[in-house]
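A.B. asks: Supplied in structure tokens, the structure appears directly below.
The values are calculated or read from the model by the stated rules, or taken from the named source; none is laboratory data. It should be emphasised that the depicted structure is a prediction, and the values quoted were computed from it without experimental measurement. Glycine also receives a Cβ, built like all others from the backbone with ideal geometry; neighbour counts cover every protein chain displayed.
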Amino acid sequence: MNYSLRQLRIFVAVARKGGFSQAGAAIGLSQSAVSHSVKELETALSVKLLDRTTREVVLTAAGEQLAVKLERLLDELNTTLLDARSVGHQLSGTVRVAASQTISAHLVPQSIAMAAQHYPDIHFTLYDRPQQWVLESVRQGEVDLAIVIDPGEASDLHCEEVLSEPFFLLCRSDDALADIPQVAWKQLQGAKLVLQDYASGSRPLIDEVLCKQGIEAQIVQQIGHPATLYPMVEAGIGISILPALALPLPKGQSLVVKRLIPTVERKIMLVRRRNRSLSRAAEVIWEVVHHQAQLLTKARQGHPLFDDSLYPQI
């Protein structure tokens, strides 16, 4: 059977109003257009729905049965469509966001606070995990979006850069490197390093630079959580390399940071599944993270550690 939703709606209007002209006036069609549509529906169904006379239009038994059921079904369809529209536009519900640990500690809290202030009906749920878990959770649809270090080639993900930031050297204030204004990567030759392990998206970037610079350093400890780097360096176990988001330093410790030259930057990305639409609420959280990254970039302007004109680029 070949019939359309439009034909069904017109037929129900005729049944409600009791005539073609009345139905046409109600739905904005001419009497002839209404009559023609009902005839097409009768042809498609191979059944007579109306008895027509010069004075009135009367439903047949089949027409009366169809009209009663259709009226209910079309009302339910309209409600369903309105509900879908409401869900598509509503700024409420839960938005699941995954982020690697440094990002979770230093960018996401401000994003959660801003979302709570401006969109109180959206529940921002954070999953604080290693980068590979984060990326897989996006691919599996377990989270709506994620904030990660540039994952490189990922054809199944849509990625947008929100922040670019340099790496720093972390050492004790009594370390020989602490008195040097700018520390060259090559000055790490033979150094004892305490680094994050390979669960961190930064570690492959650091390894790549050490390799390109021909630096042979001794990796004395590999740490899972970035906060553990500070007490390790404070204890004299080694020096470390950390991203800007790991700042500021904990208070009460004799630690210093130095910009490493030439500058090596890591890119922070918002990611979601490619070709999958975000809910309206998730779109808002996406924009909130973008905004917070922009605010952080502006806050760094003018600080000597972040003045790129002072440092050569790699």
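A.B. asks: For the structure I just gave you, tell me whether Ser37 is touching a helix residue (DSSP H, G or I) at 6+ places or on another chain (Cβ under 7 Å), touching a residue at least 60 places away in the same chain (Cβ under 8 Å) and not aliphatic (A, V, I, L, M).
C.D. replies: Against the criterion (touching a helix residue (DSSP H, G or I) at 6+ places or on another chain (Cβ under 7 Å), touching a residue at least 60 places away in the same chain (Cβ under 8 Å) and not aliphatic (A, V, I, L, M)), Ser37 does not qualify.
A.B. asks: Right, something else. From (1) modelled with pLDDT of 90 or more; (2) in a helix (DSSP H, G or I); (3) surrounded by 12 or more Cβ atoms within 10 Å (Cβ to Cβ), pick out the condition that doesn't hold for Lys298.
C.D. replies: (3)
A.B. asks: Moving on to the next point. With the structure loaded, tell me whether Leu74 is assigned by TED's automatic domain parsing to the domain that holds His36 and at pLDDT 85 or above or whether it fails that test.
C.D. replies: Here the answer is no, as Leu74 does not meet what is asked.
A.B. asks: Another question, then. Name, by its number, the condition in (1) assigned to a strand (DSSP E or B); (2) modelled with pLDDT under 90 that does not hold for Ile219.
C.D. replies: The one condition Ile219 does not meet is (2).
A.B. asks: Also, I was wondering about something else. Condition first: touching a Ser or Thr at 6+ places or on another chain (Cβ under 6 Å) and among the small types (Gly, Ala, Ser). Now tell me which residues in the stretch 161-200 satisfy that.
C.D. replies: Once the filter is applied, which keeps residues that are touching a Ser or Thr at 6+ places or on another chain (Cβ under 6 Å) and among the small types (Gly, Ala, Ser), the stretch 161-200 yields only Ser173.
A.B. asks: What's the number of the only condition in (1) over 30 Å from Val134 (Cα atoms); (2) exposed (fewer than 12 other Cβ atoms within 10 Å of the Cβ) that Ala33 fails to meet?
C.D. replies: Result: Ala33 fails condition (2) only.
A.B. asks: Across the stretch 269-290, what is the total count of residues that are in a helix (DSSP H, G or I), of a type in the set (D, E, K, R) and closer than 22 Å to Ala154 by Cα?
C.D. replies: 2
A.B. asks: For the stretch 301-314, how many residues meet the condition of being part of a helix (DSSP H, G or I) and in contact with a strand residue (DSSP E or B) (Cβ under 6 Å, 6 or more places away or on another chain)?
C.D. replies: Number satisfying all stated conditions: 1.
A.B. asks: Do we have Val97 as touching a Leu at 6+ places or on another chain (Cβ under 6 Å), hydrophobic (A, V, I, L, M, F, W, C) and buried (at least 22 other Cβ atoms within 10 Å of the Cβ) here?
C.D. replies: yes
A.B. asks: Looking at Val220 and the list (1) surrounded by fewer than 20 Cβ atoms within 10 Å (Cβ to Cβ); (2) of a type in the set (Val, Ile, Thr); (3) under 13 Å from Leu169 (Cβ atoms); (4) more than 30 Å from the chain's Cα centre (by Cα), which single condition is not satisfied?
C.D. replies: Only one criterion in (1) surrounded by fewer than 20 Cβ atoms within 10 Å (Cβ to Cβ); (2) of a type in the set (Val, Ile, Thr); (3) under 13 Å from Leu169 (Cβ atoms); (4) more than 30 Å from the chain's Cα centre (by Cα) is unmet by Val220, namely (3).
A.B. asks: While we're here: Tell me, please, whether a residue that is within 30 Å of Lys298 (Cβ to Cβ) and without any contact (Cβ under 8 Å) to a residue 40 or more places away in the chain can be found in the stretch 207-227.
C.D. replies: Scanning the stretch 207-227, I find at least one residue that is within 30 Å of Lys298 (Cβ to Cβ) and without any contact (Cβ under 8 Å) to a residue 40 or more places away in the chain, so the answer is yes.
A.B. asks: Please go through the stretch 135-162 and pick out each residue that is among the aliphatic types (A, V, I, L, M) and part of a strand (DSSP E or B).
C.D. replies: Answer for the stretch 135-162, where residues must be among the aliphatic types (A, V, I, L, M) and part of a strand (DSSP E or B): Leu145, Ala146, Ile147, Val148, Ile149, Leu157, Val162.
A.B. asks: Hand me the list of helices (runs of 4 or more DSSP H) wholly inside the stretch 10-114 holding 2 or more residues that are within 30 Å of Leu242 (Cα to Cα).
C.D. replies: In the stretch 10-114, the matching helices (runs of 4 or more DSSP H) lie at 101-106.
A.B. asks: Which condition does Val220 not pass, out of (1) assigned by TED's automatic domain parsing to the domain that holds Val134; (2) among the hydrophobic types (A, V, I, L, M, F, W, C); (3) touching a Gly at 6+ places or on another chain (Cβ under 6 Å), if it passes all the others?
C.D. replies: Status for Val220: all satisfied but (1).
A.B. asks: Could I ask something else about it? Which residue out of Pro204, Pro181 is modelled with pLDDT under 95, on the phi < 0 side of the Ramachandran plot and assigned to a loop (DSSP other than H, G, I, E, B)?
C.D. replies: Numbers: Pro204 fails: assigned to a loop (DSSP other than H, G, I, E, B).
Sole residue among the options that is modelled with pLDDT under 95, on the phi < 0 side of the Ramachandran plot and assigned to a loop (DSSP other than H, G, I, E, B): Pro181.
A.B. asks: When you scan the stretch 280-291, do you find a residue that is small (Gly, Ala, Ser) and surrounded by 15 or more Cβ atoms within 10 Å (Cβ to Cβ), even just one?
C.D. replies: The answer is yes; a qualifying residue exists.
A.B. asks: Of the residues His106, His89, His118, His123, only one is modelled with pLDDT under 90 and either charged (D, E, K, R) or more than 23 Å from Arg203 (Cα to Cα) (or both); which?
C.D. replies: The match here is His89.
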